[in-house]
Amino acid sequence: MSAGPDKALVFAAGLGTRMRPITLSLPKPLVRVGGKAMIDHMLDRLEEAGVKEAVVNVHWLADQIEDHLRDRAAPHIKISDERDLLLDQGGGIVKVLDEFGGKPFFICNTDALWIDEPESQVARLARAWDGAKMDVLLLLADRSKSLGVEGRGDFFRDAQGRLSRPAPGEEAPFVYTGVGIIKSSLFEGCPLEPFRLAPFFFAAAERGRLYGLPLKARWLHVGAPDVIEQAEKVYRAAVV
């Protein structure tokens, strides 16, 4: 089993349309839950897991995110500027691929929250990474126990941890939390243009090289305004 990554790409460039009207004037990564901006929850988890450098892409209200992160010491922050063209997650990876030196790296959304107790879930993910058999390793949540989850679920997981997609009309028990580890080599030769990341997951599943690790915590998907107060209640209950 290979060592986990020490670098991450944090996706902070999105428009946050489902979070409007809040995100008309405040970028979604800076929405506060539990007394802290969502991007700081994620960066704190990366720091605790030993990540040394985080590339953060920016587009919508980019100046606010840059200002917020300016004084952060750890992990070391590098900004990927997508002000001129929003590249989606796939293109966002291609833009900064050289930063990872051909090695695997963490991918992280900023609306994926949970309360780490008693152990770091990102560190668990790093320990589970095995590049010999995996192209992608995703942190998963139990759909039935998660907050802010819609739809029929993303994946089934077999006894070895391999993931497969549900058939049309079928419901799956696990959802992708927005945090994972992925190989740089998957993106070599890809064009610098907007494209989605999900097809890379699905292609890895077809090869039998997409794996998942269930989260040992309740996942809070804070993707819409009405979920913010629900997430706050979870945090308040956790500190009582």
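Rule-based calculations on the coordinates, nothing more; no lab input. Predicted model, so just to flag it, every value in this text is computed and none were measured. Cβ sites come from the backbone with ideal geometry, for glycine too, and all protein chains shown count toward neighbours.
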Where labels lie 7 Å past Cα in the beta-carbon direction, separation of Glu117 and Lys216 in nm: 1.5
Cα extents of the range 7-239 along the three principal axes, largest first (Å): 43, 42, 34
Under 13 Å from Lys7, Cα to Cα: aspartates and glutamates that are on another chain or at least 8 residues apart: Glu47, Glu48, Glu53, Asp98, Glu99
FRET efficiency, 1/(1 + (r/R0)^6) with R0 25 Å, evaluated for Arg207 and Ala167 via beta carbons: 0.85
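Can you tell me the length gained on complete extension of the stretch Asp71 to Ala237, counting 0.36 nm per residue apart and subtracting the Cα distance? Don't jump to the answer; show the numbers that get you there.
Details: separation 166, 0.36 × 166 = 59.76 nm, distance 3.07 nm.
Length gained between Asp71 and Ala237: 56.7 nm.
Between Gln160 and Ala198, what is the FRET efficiency for a Förster distance of 25 Å, r being their Cβ-Cβ separation, to the nearest 0.05?
Details: r = 22 Å, r/R0 = 0.89.
The computed FRET efficiency comes out at 0.65.
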Within straight-line cross-link reach of Lys28, lysines at Cα separation under 21 Å, skipping those fewer than 8 residues along the same chain: Lys36, Lys78, Lys233
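Calculate the dipole size of the chain relative to its Cα centre from +1 charges on Lys and Arg beta carbons and -1 charges on Asp and Glu beta carbons; express the result in debye to the nearest 20. Working shown, then result.
Details: 31 positive and 34 negative charges, 114 e Å.
About 540 debye.
Rounded, prolate or oblate: which fits the range 57-119 when a ≥ b ≥ c are the square roots of the eigenvalues of the alpha-carbon gyration tensor, with rounded for a/c under 1.5 and prolate only if a/b beats b/c? List each step's numbers first, then the result.
Working: a/c = 1.58, a/b = 1.21, b/c = 1.30.
Judged from the Cα gyration tensor, the range 57-119 comes out oblate (a/c at least 1.5, b/c at or above a/b).
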Most to least packed among 36-44, 123-131, 187-195 [average Cβ atoms within 10 Å]: 36-44, 123-131, 187-195
Listed residues Phe187, Gly148, Ala217: farthest to the positive end of the dipole of the range 7-239 (Cβ charges): Ala217
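Using DSSP, restrict attention to beta bridges with both residues in the chain and report what percent are antiparallel, rounded to the nearest 5.
Values: 18 of 39 bridges.
Antiparallel: roughly 45 percent of the beta bridges in the chain.
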Stretchable slack from Arg32 to Arg152, in nm (0.36 nm times residue separation minus alpha-carbon distance): 40.4 nm
